[in-house]
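Mind having a look at this structure? Questions to follow.
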2 protein chains.
Amino acid sequence: MATPSTDRRIDKLIHLLVKNATVVVPGPKIASEIGVTRFKVWEWIQKLRSLGVEIRGVPATGYQLMKIPDLLTPSLVRPELGAQTIGHVMVHYFRTESTNDVALELAAEGAEHGTVVVAEEQTAGRGRLGRTWYSEKFSGIYMSVILRPPLAPAAAPVLTLLAGVAAQQAVISSTGLAVDIRWPNDLLVNGKKVCGILTEMSAELDRLHAVVLGIGMNVNHGQMPAELRTIASSLRLETNRAISRVQVLVALLRELERHYGLLLQEGSTAITERWAAASSFARGKRVRVVTAAGDMLATTAGLDPSGALRLRRDDGREESLVAGEVVEVK
Amino acid sequence: MATPSTDRRIDKLIHLLVKNATVVVPGPKIASEIGVTRFKVWEWIQKLRSLGVEIRGVPATGYQLMKIPDLLTPSLVRPELGAQTIGHVMVHYFRTESTNDVALELAAEGAEHGTVVVAEEQTAGRGRLGRTWYSEKFSGIYMSVILRPPLAPAAAPVLTLLAGVAAQQAVISSTGLAVDIRWPNDLLVNGKKVCGILTEMSAELDRLHAVVLGIGMNVNHGQMPAELRTIASSLRLETNRAISRVQVLVALLRELERHYGLLLQEGSTAITERWAAASSFARGKRVRVVTAAGDMLATTAGLDPSGALRLRRDDGREESLVAGEVVEVK
């Protein structure tokens with residue numbers, strides 16, 4: 001693995017400062033509670049400041065946190081999750097190449113169901129169809145969840161719809177925005193993409209080993225790069241206010257847990273029905289279908305039980321789309 | 001990766017000795033051709049001898065190979081493959097944990113279609129359904145092939161049948177034995193298993209990244225471990241003669257290339273038809289079906305186009321088996 005995950009002791013330091021946010025915490029107390037030298041504490045304080053965390057230093061006394069930082073570290077996220085399985089184990093990076101790559105590697109090493117990998121920045125974020133995912137530091141949520149579902153590989157596509165519905169619910173509850181889902185799982189706000197999902201799996205041909213749900217969400221980006229501005233946006237740009245990434249991440253992990261439970265208890269139709277109710281793309285939408293074999297125009301006609309999108313072609317024939325993407329035609 | 005692959009310079013030494021098998025090759029000549037010291041040559045000769053390669057040392061003169069060794073190194077295998085794609089890149093190990101693990105890792109790093117990983121010994125060989133694969137050193141062929149087929153993940157199961165048919169043809173042409181295929185791809189000789197295949201993939205839900213065909217074949221095992229003796233055998237035990245592993249491996253790689261070409265040119269029915277013609281399990285065989293959901297008795301009734309096994313249950317209903325295994329009932 002190219003980059004080491006965040007030192008758990010830095011996370012302990014953040015936890016200690018957050019717990020004592022109204023007072024100045026003595027340096028020696030911090031050092032002894034974490035089990036490092038006072039110099040190491042000073043080094044880490046410098047590092048956190050360089051990451052934008054506001055910490056007041058009182059000479060010869062200690063440190064005080066001026067504002068709860070909006071970091072996605074386990075100490076700030078896990079207490080909000082209660083006893084749920086997804087996020088029970090969290091691996092945090094300040095920077096990594098791709099959280100999906102880390103998660104696939106951890107899964108190969110046996111990481112348990114529900115393990116979450118989250119990064120403040122990705123240097124080689126990946127999207128669907130071999131594309132890159134723009135991952136500005138401290139602005140987005142770049143996260144991968146390892147699932148070990150009791151499903152055959154052929155039944156796995158419903159998980160990608162599940163992730164889309166869960167992410168939509170999390171954004172709605174955190175921001176109040178109106179959020180559409182474009183098949184299979186892009187979240188759109190005012191027609192622009194704010195969240196993309198890359199689902200990968202490792203499997204035998206008849207047995208899943210692990211599914212990795214990679215979710216990239218644009219939360220606090222103050223502006224999008226020029227080349228993305230017409231097609232992508234962030235929750236902050238669409239609400240005109242700063243959004244707590246921690247709050248959105250917590251909502252997202254809770255919604256994933258809830259919808260995964262629904263899938264196991266009620267089966268895949270519980271997910272496809274929710275998806276169909278939540279997406280303007282489910283029925284009667286005029287779309288251009290982009291596949292490896294070429295483009296065509298069609299009208300959407302619901303989901304089939306596996307999660308494939310039913311399409312009615314202009315010559316009246318119907319078919320199911322399992323791969324590729326659709327673009328609204330206006 | 002736990003173990004480094006075989007030093008290419010050792011393979012060069014083997015090549016040099018094989019090329020000059022009738023004469024004594026001077027030590028200094030070997031050293032200068034490979035670009036190492038004479039002491040390093042001496043060390044490697046010791047290593048090869050410890051692996052069973054018979055090399056005569058002539059004091060103050062050089063070395064002579066007494067017998068072409070039956071090693072699966074690229075220098076002994078690749079010249080037999082011509083310009084074919086499968087095996088164009090070969091990575092050789094004297095010992096590794098699992099060639100499938102190495103191949104999956106190489107695939108994640110971008111290894112090209114047709115890359116072959118082969119080992120003389122596996123210390124943690126894996127089989128289907130989470131089982132281990134007994135991998136006695138220098139006796140079997142333990143090999144994994146990386147494929148990047150233009151198929152959707154749902155269409156990938158035909159590859160596992162393809163591997164079974166190719167392996168069957170390779171064993172028949174190398175030994176003359178009668179070889180049956182038990183669904184999906186166990187090779188049986190006189191009712192005992194001599195070859196198992198573990199197919200794994202990494203994929204998005206709608207796009208294959210890579211398929212790894214792992215093939216473990218018992219070739220020269222003088223006896224099988226007591227606990228396997230009633231169900232497994234080797235080509236040597238069934239023919240009562242030593243079998244060239246190199247010859248079987250070359251035949252196997254050629255058959256894989258040929259059948260892969262058939263799949264691309266003629267589609268999956270070219271494979272399922274060949275499989276059905278080559279297996280006594282295809283039709284009318286009374287079997288016990290072992291699945292995660294429990295066992296049942298049924299009669300086989302052909303393959304469906306995806307490679308699933310059609311089963312006729314005793315109550316007359318038909319169903320398709322995509323996962324699990326079947327055992328003949330006599």
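Name the residues whose placed amide hydrogens come within less than 5 Å of the amide hydrogen of A:Gly62, ignoring near sequence neighbours (fewer than 5 apart) on the same chain.
Result for A:Gly62 returns A:Gly27.
Let me ask another. Based on Cβ point charges of +1 for Lys and Arg and -1 for Asp and Glu, what charge dipole magnitude is obtained for the range A:283-328 about its Cα centre, in debye rounded to the nearest 20?
Dipole of the range A:283-328, to the nearest 20 debye: 160 debye.
How far, in degrees from 0 to 90, does helix B:245-266 lean away from the longest principal axis of the Cα atoms of chain B, to the nearest 10?
50 degrees
Please name which of B:Thr115, B:Gly82, B:Ala103 has its Cα lying farthest along the dipole of chain B towards the positive end, using unit charges on Cβ (Lys, Arg +1; Asp, Glu -1) and the Cα centre as origin.
Checked the options; the winner is B:Gly82.
Along the charge dipole of chain B, Cβ charges K/R +1 and D/E -1, which of B:Met296, B:Phe138, B:Ser280 sits furthest on the positive end?
B:Phe138
Let me ask you something else. Would you compute, from DSSP H runs of 4+ residues alone, the mean residue ellipticity of chain B at 222 nm, taking -39500 (n - 2.57) per run and dividing by the full residue count, rounded to the nearest 500?
-9500 deg cm²/dmol
Tilt of helix A:38-50 relative to the longest C-alpha principal axis of chain A, in degrees (0 to 90, nearest 10)?
So the helix axis and the longest Cα principal axis differ by about 40 degrees.
A further question follows. What pairs from B:Lys12/B:Lys137; A:Lys12/A:Lys40; A:Lys137/A:Lys192; A:Lys192/A:Lys330; A:Lys47/A:Lys137; B:Lys29/B:Lys67 go past 18 Å between their alpha carbons?
Over 18 Å apart, Cα to Cα: B:Lys12/B:Lys137; A:Lys137/A:Lys192; B:Lys29/B:Lys67.
Report, in debye and to the nearest 20, how large the dipole of the protein assembly as shown comes out about its Cα centre when Lys and Arg carry +1 and Asp and Glu carry -1 on their Cβ.
In total the dipole reaches around 940 debye.
Another question about this same structure. Would you mind ranking A:Asp11, A:Asp314, A:Asp180, B:Asp186 by Cβ crowding within 10 Å, fewest neighbours first?
A:Asp314, A:Asp180, A:Asp11, B:Asp186
Can you tell which of A:Leu309, A:Val165, A:Pro4 lies farthest toward the positive end of the dipole of the protein assembly as shown, using +1 and -1 charges on the Cβ of basic and acidic side chains (Lys, Arg; Asp, Glu)?
A:Pro4
Is there a simple number for the mean count of other chain Cβ atoms within 10 Å of the Cβ of residues in A:194-204, and what is it?
4
For chain B, find the longest principal axis of its Cα atoms and tell me its angle to the long axis of helix B:99-108, 0 to 90°, nearest 10.
Result, in degrees: 90.
Hey, another quick one. Classify the protein assembly as shown as rounded, prolate or oblate, taking a ≥ b ≥ c as the square roots of the eigenvalues of its Cα gyration tensor: rounded when a/c is under 1.5, otherwise prolate if a/b is larger than b/c and oblate if not.
oblate
While we're looking at this one, here's another question. In the Gaussian network model of chain B, springs joining C-alpha atoms below 10 Å, which of B:Ala293, B:Ala178, B:Ala31 carries the largest mean-square fluctuation?
B:Ala293
Quantify how strongly other chains surround peptide A:154-166 by giving the mean number of their Cβ atoms within 10 Å of each of its Cβ atoms.
Across the residues of A:154-166, the mean count of other-chain Cβ atoms within 10 Å is 2.
How many Cβ atoms of partner chains, on average, are near each residue of A:224-232 if near means within 10 Å of its Cβ?
Mean partner shielding for this stretch: 0.
Read-outs: derived from the displayed coordinates by stated rules, not from any lab. Note that the coordinates shown come from a computational prediction; the quantities given were computed from them, not determined experimentally. Cβ coordinates were reconstructed from backbone atoms using ideal geometry, including for glycine residues, and neighbour counts include every protein chain displayed.
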